[in-house]
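Down below is the structure, laid out as C-alpha cells.
The values are calculated or read from the model by the stated rules, or taken from the named source; none is laboratory data. If you're wondering where the values come from, they're calculated on a predicted model, not measured in any experiment. Cβ coordinates were reconstructed from backbone atoms using ideal geometry, including for glycine residues, and neighbour counts include every protein chain displayed. The area values use the complete protein model at the heavy-atom level, side chains included, leaving out ligands, DNA and RNA. Shrake-Rupley method; radii C 1.70, N 1.55, O 1.52, S 1.80 Å.
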Amino acid sequence: MNASIETTVRRTKIGVVGAGSVGTSLAYAAMIRGVSTDIALYDLQTAKVEAEALDLSHGQMFTPGVRVEGSDDVAVLKDSDIILVTAGAKQKPGQTRLDLAGANTAILKSLMPQLVEQAPQAVYVLVTNPCDVLTVVAQRITGLPYQRVLSSGTVLDTSRLRWLIGSEAQVNTSSVHAYIIGEHGDTEFPVWSSATIGQVPLREWEVDGRRPFTEERLEGLREEVVNAAYRVIQGKGATNYAIGLSGARIAEAVLKDQHAVMSVSTVLEDYRGISGVALSVPSVVGGTGVGQRLQIPMGEREEQQLHASADAMRKTLSDLGF
C-alpha cells in the first residue's frame, strides 16, 4: 500500500515600510535570496508602491516563488513576521542630524502603533536614520521588549570594514572577523582588539613578508568606513543596494532562526555600564529577535569610545525629550 506524504511549507512574511530606493532594494534582495514566501510593501504613494510590487512580481519565474504585494493601506502588512521600516524624512542641505531625528521621531509616533496593530507578534527593524535614536523611540512608543525592536545599526558598516580589510589582506571577506560598533554614525568605531583574519590577530597578518595593518593604516580604514556613505551619496545621491542586502540578511536571520551574530542596535541594559540608549554591539539574532549581546574583548580606548557613543546618543534623546 502506497502512502502519500504531504509536505507543507510554512509561509513567512516580510513587511517593508517605504517603497523608496532602500525599501525596494531590500525587497529585491530578500526575493532573490528566498528569505521569505511573502513580501509586502507599504507606502503612502499609491502608484509608486503598486508599480514597485508589480515590477518585482514580474520576476517571480526567476526566484523561489516569492509572492509580492504593495499597497497604500497599512493592512497589507497584516501578520508580518518581521517589519523593516525604511521610510522617513531625508536629510536636506543645511539640516542638522538633530533636525532629522526630530522629523523622523514625529513620523514614528504616528506609524508604530499602526504597525503593531497589524502585526503584534512581529520583530521590528529600524533602517531609517538616525537608526539608534529611532530604536529607543520605537521601543518606548510600543512598549515592546528590546529583543523585538532593533535597527540595522552597524551591520553595513561592519560589511564595509571587512571588505576593505579583505581586499588589503588578499583574502575572502568571509574570512575576516572584525566589527564596527557603537553609533551608526560619526562616533562608530572598529574593535581592533578582537579583529582577526582566520584566527590570526589583524595586526599580525602578513602580506609578502610585511605587516600592512599598522596603527596608521587602521586609522585610515576607520575613516574610510565612517565616510563611506558620504562618498556614495556624493556620487549617486543615496545608498541603497548594500543597506538593502543588510536588511535582507537581518530578516533571514530572524525568519530562519539562525542565531547569527550581527552588529545590530538595541536598547542596552548595563552593557559595560551603559543603559537606556541603543548602540550596535555583536548580538545573537534569531527567531524572536535579539538574544544575547556578546561581551567581546575591548581595550581601554575602545571602552572609552563606546561610552562616547552612548553620551552622544543620550544628548540627542534628551534634546528630543526622551
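In bins 10 Å wide, starting from 0, what share of all Cα pairs of the stretch 215-286 does each bin hold, as a percent?
Whole-percent P(r) values from 0 Å outward: 17, 30, 39, 14, 0.
Could you tell me the accessible area of Asp81 in Å² (1.4 Å probe, neighbours in place), rounded to the nearest ten?
Solvent-accessible area, nearest 10 Å²: 50 Å².
If we count GluC sites (Glu not before Pro) as exposed when they sit in a DSSP loop and have at most 15 other beta carbons within 10 Å, what is the longest stretch of the chain that avoids them all? Don't jump to the answer; show the numbers that get you there.
Details: sites that count: Glu6, Glu206, Glu269.
By the stated rule (loop sites, at most 15 other Cβ atoms within 10 Å), 7-205.
Return an integer: the convex hull volume of the alpha-carbon atoms of the stretch 12-120, in Å³ per residue.
It comes to 97 Å³ per residue, whole-number rounded.
For the chain, what is the calculated [θ] at 222 nm in deg cm²/dmol (nearest 500), taking -39500 (n - 2.57) for each run of four or more DSSP H residues and dividing by its residue count?
-13000 deg cm²/dmol
Could you list the square roots of 5 times each eigenvalue of the Cα gyration tensor of the chain, that is, the equivalent ellipsoid semi-axes, sorted largest first and rounded to whole Å?
Ellipsoid semi-axes (Å, largest first): 32, 25, 20.
Could you put Tyr124, Tyr230 in order of accessible surface area, largest first, with the 1.4 Å probe and the full protein assembly present?
Details: Tyr124 0, Tyr230 125 Å².
Ranking Tyr124, Tyr230 by accessible area, largest first, yields Tyr230, Tyr124.
Specify the angular offset, from 0 to 90 degrees and rounded to the nearest 10, of the alpha carbon long axis of helix 155-169 from the longest principal axis of the alpha carbons in the chain.
50 degrees
In what sequence, largest accessible area first, do Arg33, Arg67 appear using a 1.4 Å probe?
Arg67, Arg33
Keeping all protein chains in place and using 1.4 angstrom, which order do Lys90, Lys109 fall into by accessible surface area, from largest down?
Descending accessible area places them as Lys90, Lys109.
Of all the Cα-Cα pairs you can form in the stretch 71-216, what percent are over 26 Å apart?
Percent of Cα pairs beyond 26 Å in the stretch 71-216: 42.
Rounded, prolate or oblate: which one fits the stretch 198-322, using the alpha carbon gyration tensor with axes a ≥ b ≥ c (rounded when a/c is under 1.5, else prolate when a/b beats b/c, else oblate)?
rounded
Using the alpha-carbon atoms, what tilt in degrees (0 to 90, nearest 10) does helix 21-33 show relative to the longest principal axis of the chain?
In the chain, helix 21-33 runs at an angle near 80 degrees to the longest axis.
Shape of the stretch 136-181 from its Cα gyration tensor (a ≥ b ≥ c, root eigenvalues): rounded if a/c is under 1.5, otherwise prolate when a/b > b/c, or oblate?
In terms of gyration-tensor shape, prolate.
With every protein chain left in place and a probe of 1.4 Å, what is the accessible surface of Phe322, to the nearest 10 Å²?
70 Å²
Using the Kirkwood radius over C-alpha pairs as Rh, can you work out the diffusion coefficient of the stretch 108-188 via Stokes-Einstein at 4 °C, viscosity 1.567 mPa s, in µm² per second?
91 µm²/s
With +1 on the Cβ of every Lys and Arg and -1 on the Cβ of every Asp and Glu, and nothing else charged, how large is the dipole of the chain about its Cα centre, in debye rounded to the nearest 20?
Value, rounded to 20: 200 debye.
In a solvent-free Debye calculation with one equal scatterer on each Cα, what is log10 I(q)/I(0) for the stretch 157-211 at q = 0.12, 0.13, 0.17, 0.24 Å⁻¹, listed in the order of the q values?
Values, matching the q order: -0.26, -0.31, -0.51, -0.91.
Around Leu255, under 14 Å between beta carbons, what's the net of Lys plus Arg minus Asp minus Glu among the other residues?
Every neighbour counted, the sum reads +2.
Which residue, Pro130, Leu77, Ile141, has the largest displacement toward the positive end of the dipole of the stretch 55-147 when charges sit on each Cβ (Lys, Arg +1; Asp, Glu -1)?
It is Pro130.
Name the trypsin sites (Lys or Arg not before Pro) in the stretch 266-315 that are in a loop by DSSP and that have at most 11 other C-beta atoms within 10 Å, would you?
Within the stretch 266-315, no trypsin sites (Lys or Arg not before Pro) qualify (loop, at most 11 other Cβ atoms within 10 Å).
Mind checking which of Thr12, Phe189, Val200 is farthest towards the positive end of the chain's charge dipole, using Cβ charges of +1 (Lys, Arg) and -1 (Asp, Glu) about the Cα centre?
Of Thr12, Phe189, Val200, it is Thr12.
Once amide H atoms are placed 1.01 Å from N in the peptide plane, what residues at a sequence separation of 5 or more from Ala260, or on another chain, have their amide H within under 5 Å of its amide H?
Val285
I want the local charge near Gly15. Using Cβ-Cβ distances under 12 Å, sum +1 for each Lys or Arg and -1 for each Asp or Glu among the other residues. Before the final figure, lay out each step's value.
Numbers: positive: Lys13, Lys78; negative: Asp38, Asp43, Glu69, Asp79, Asp81.
Result for the neighbourhood of Gly15: -3.
Calculate the tail of P(r) for the stretch 137-268: the fraction of all Cα-Cα distances greater than 21 Å, expressed in %.
Details: 4048 of 8646 pairs.
Summing the P(r) of the stretch 137-268 above 21 Å gives 47 percent of all pairs.
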